[in-house]
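Each remark here refers to the structure printed beneath this line.
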Amino acid sequence: MDQLLRRNQPANPRSSGERLLRAGLLQLIVLLGGTLGYYALTEEFSLLDCAYMTVITVTTVGYDESIPVDHDPVLQIFTIFLVIIGMGAVLYFVSVLAAFMIEGELRDLFRRRRMDRQIENLTGHFIIAGLGRTGRNLAKDIIEGGNDCVVIDQNQDKIDELISASNNIGVPFLVADATDDDVLTRAGIKRAMGVAFCLGDDRENLFATISAHRLNERARIVTRGDDPRSEEKFLMAGASRVVYINNLGGRHMAAELVRPQITNFLSLLFAHPERDHDIDKVHVPSDSPLIGKSLEEIDLRRHTNALIIAIIDPDGENHFSPSPQKRLEADVELVILAKGDEFEALKRFVETGTWSS
């Protein structure tokens with residue numbers, strides 16, 4: 001973990017803005033110091049005269065002196081130091097400003113601030129950190145599903161590839177290290193519904209999981225894992241689920257060999273871009289008028305072709321293929337297979353007890 005903390009960070013537009021601000025402050029301090037210095041060393045000149053003398057001295061424009069220094073050794077020595085310090089401050093400010101403008105950092109800074117404001121307005125969104133093969137496919141699916149999300153990666157090219165592949169130039173992103181608490185905070189982790197870590201290895205994912213769970217204990221954290229032996233550490237760190245891509249791929253290939261009809265059905269259900277059915281959860285609030293009624297009494301099939309696949313109790317216990325006599329309890333989750341445009345009506349029905357298409 002110490003190596004993670006010492007790792008070099010990518011260039012941040014904020015650092016460029018801070019350099020320009022420091023250069024401007026240095027210039028202001030020199031001008032104020034020169035003005036007050038001349039004012040203290042002379043008696044008959046106003047602050048405006050002293051400020052004018054300071055400006056023409058540090059910029060070496062060559063105008064006539066408003067304060068004669070020829071016959072005053074103290075003023076001569078002060079002017080010499082002011083020229084040396086002032087010219088250094090001016091050159092530093094001009095060089096920083098030139099680099100800021102030439103490298104396009106001003107444009108990037110405005111874009112970064114605009115994107116920060118966009119992220120600040122997000123609530124209940126998802127954060128995808130790490131845009132390797134797994135993270136890129138995950139983020140693309142989340143974006144194309146119409147979900148708000150923020151993507152994080154240290155490589156701008158990977159972010160550009162994702163935006164191009166998903167045809168969504170408006171997706172907010174951070175070119176930064178997702179293991180950094182400040183980066184996760186900027187991504188809105190405290191308001192996020194969930195976060196997925198697909199970083200380089202288990203150490204990075206574990207470190208990021210600890211940070212995310214500490215910042216938002218309510219967020220669902222899904223992380224990619226390489227070594228199954230690390231699962232207990234991930235769960236202790238706050239991960240909701242650890243996905244081992246290699247194991248999952250092997251199981252999928254085995255299912256393709258043994259039960260191809262089932263995998264074909266699931267592929268059509270989840271992967272087909274023009275699918276009209278989906279699986280989602282519908283929460284039963286504690287004040288729902290349906291509480292205490294059986295599935296047979298509710299009779300969803302009378303209004304829709306939706307199918308209740310399972311009921312998840314508040315403690316996480318699953319009841320698959322519940323019987324018609326199963327009665328609804330407060331705060332359970334209904335896992336429903338339905339058409340994508342039916343879920344909003346189903347949610348209103350569960351909340352109000354009345355059906356409106």
Within the range 101-114, does at least one residue satisfy the condition of being touching a residue at least 24 places away in the same chain (Cβ under 8 Å), over 30 Å from V30 (Cβ atoms), buried (at least 19 other Cβ atoms within 10 Å of the Cβ) and not β-branched (V, I, T)?
no
Exclusive hit being under 26 Å from G340 (Cα atoms) and at pLDDT 90 or above, set V183, V150
V150
Scan of the range 119-154 for residues that are crowded, with 21+ Cβ neighbours inside 10 Å, closer than 23 Å to D182 by Cα and of a type in the set (A, V, I, L, M, F, W, C), ordered by number
F126, I127, I128, A129, L131, A139, C149, V150, V151, I152
Candidates G132, G34, G86, filtered to the one that is small (G, A, S), touching a Gly at 6+ places or on another chain (Cβ under 9 Å) and in the same structural domain as E161 (by TED's automatic domain parsing):
G132
What's the total number of residues in the range 288-330 that are touching a residue at least 40 places away in the same chain (Cβ under 8 Å) and either loosely packed, with under 15 Cβ neighbours inside 10 Å or not in a loop (DSSP other than H, G, I, E, B) (or both)?
4
Consider only pairs whose beta carbons are under 9 Å apart and that are at least six residues apart or on different chains; among these, list those whose first residue lies in the range 77-93 and is within 27 Å of E18 (Cβ to Cβ) and whose second residue is aromatic (F, W, Y) and in a helix (DSSP H, G or I).
L82/Y38
For A330, state whether it is among the small types (G, A, S) and under 29 Å from E144 (Cβ atoms).
no
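The values are calculated or read from the model by the stated rules, or taken from the named source; none is laboratory data. Since the model is a prediction, treat every value here as computed from it, not as a measurement. Cβ: placed from backbone, ideal geometry, glycine included. Neighbour counts: every protein chain shown.
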